[in-house]
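Here the structure is laid out as structure tokens; the discussion comes afterwards.
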Amino acid sequence: MSKLGRFGLAAYLCFISSIGGAASARADAGGEGDKGDGVTVDALSFPVVLSDGNTYHIAGYLYHRGPLAGRALQVCVHGATHYHLYWDLPEIDGISYSYARYMASRGYDVLAIDQLGTGASSQPDGDFVTLAETANALHQVLAALRTSDNPANHRFRRIALVGHSNGSLTSIFATGAYHDADALVTTAWEHTPHPLPFDPSAIIAVLTTPYIPATTFSEAFWIGAFYYVPSTDLALVDYEYSHLGPAVQARAQFIDLFRVGLNTSLSGSVNVTVPVLVQDGNFDALQPSAFLSGEAAYYPRSPAVTLNFLTAIGHNINGHRNHLQSWTQIDAWARQTLGQEDDGGDDE
């Protein structure tokens, strides 16, 4: 049974063109330093050589408190049609939506990347930027982080990959193919076939261009697809949507999402050999937790698969007021899995 269910090819194309969730993109914000929370942000650039023999660059933003000194690293991979600032959303009405700063305050180092083709990372021809090339680029970033010869000038010995939506797929594929990470967290993604929430539409037309801007989709669509409104401050959504400018998605990545959607065995999850944590919300219109119970079967070589069923939360988990139910569970799981010490950091 394919993930398309009864909705067919056109519906899935509609789905994959919107899977990423809301971006919190500011072209100049990734290099912001201390906001009074003690967290420093270093803007880094990782060179990668892809199958065409050319060198490209992956932008990364390293969040840390104090000198880099033996802490576990979370490498965060955003979803489609946006970029790294999904992990560093602003504070709105007294609530911080920054996953990266929360985890840095809990004693992790956090590297939030711009995936190949979007944000400040290189943008090769959009038909070259396949899932395989994107995962290879991620692999080269992680391989560099395992040495001291990298833009951070620090060797990281414990690494967890943390993905959101299509970034979860990239992380799954890279982990299964290259085995760079010690642990894998996927959010807002699942393999189990399930129906989609909307009918086919003219969104197929977006595939006629090499790159698809996030603003192809209206803010009203954004809210309906990515948020559970009772748990959402719409002022945050307004902020995100008004800062989507640099967020784009390569056509080849869409096509590969279509291929994996038709045959989820192509995700590479069967080759993942590290512990896995999976989180989905019960009001996620695209990846609802109602279909999550069978997810462990897709990771037969993992020593442990943990499932988190999030309540009153939609697809764009970090943008919900009740995001701490996600973050605290990732923290506890990563702390146990990676042997990270608890430094007693703030809860918000």
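The values are calculated or read from the model by the stated rules, or taken from the named source; none is laboratory data. What you see is a predicted model, and the numbers here were worked out from it, not measured in a lab. Please note: Cβ atoms are built from the backbone with ideal geometry, for glycine as well, and neighbour counts cover all protein chains shown.
Annotations
- Screening V278, V260, V274 for residues that are over 14 Å from S168 (Cα atoms) and among the β-branched types (V, I, T) leaves exactly one candidate, V274.
- Screening T215 against (1) farther than 29 Å from S122 by Cβ; (2) touching a residue at least 24 places away in the same chain (Cβ under 8 Å); (3) surrounded by fewer than 17 Cβ atoms within 10 Å (Cβ to Cβ); (4) not small (G, A, S) leaves a single unmet condition, (1).
- Identity of the residue in the stretch 189-220, over 20 Å from the mean Cα position of the chain (by Cα), farther than 17 Å from F254 by Cα and not acidic (D, E), that ends up modelled with the highest pLDDT: A220
- In the stretch 73-103, the qualifying residues are those that are touching a residue at least 12 places away in the same chain (Cβ under 8 Å) and part of a strand (DSSP E or B), and the one that is nearest to L131 (Cα to Cα) is V77.
- Residue pairs meeting the criteria (Cβ under 7 Å; at least 6 apart or on separate chains; first farther than 10 Å from S122 by Cα and surrounded by fewer than 17 Cβ atoms within 10 Å (Cβ to Cβ), in the stretch 43-62; second modelled with pLDDT under 95 and of a type outside the set (V, I, T)): A43/G30; A43/G31
- Counted residues, the stretch 250-280 - those being part of a helix (DSSP H, G or I) and within 18 Å of D127 (Cα to Cα): 10
- Residue match in the stretch 170-177 (condition: at pLDDT 90 or above, aliphatic (A, V, I, L, M), crowded, with 17+ Cβ neighbours inside 10 Å and within 18 Å of the chain's Cα centre (by Cα)): yes
- Cβ pairs under 6 Å, 6+ apart, first in the stretch 191-211 and of a type in the set (G, A, S), second modelled with pLDDT under 85 and not in a loop (DSSP other than H, G, I, E, B): S201/C14
- Qualifying residue in the stretch 227-249 (condition: in contact with a Pro (Cβ under 9 Å, 6 or more places away or on another chain), assigned to a helix (DSSP H, G or I), closer than 17 Å to L169 by Cα and not hydroxyl-bearing (S, T, Y)): no
- Those residues of the stretch 175-194 which are among the hydrophobic types (A, V, I, L, M, F, W, C), under 10 Å from H139 (Cα atoms) and touching a Gly at 6+ places or on another chain (Cβ under 8 Å), in sequence order: A177
- Residue that is modelled with the highest pLDDT [pool: residues in the stretch 65-92 that are among the hydrophobic types (A, V, I, L, M, F, W, C) and within 21 Å of A252 (Cβ to Cβ)]: V77
- Any hit, the stretch 259-270, residues being at positive phi and touching a residue at least 12 places away in the same chain (Cβ under 8 Å): yes
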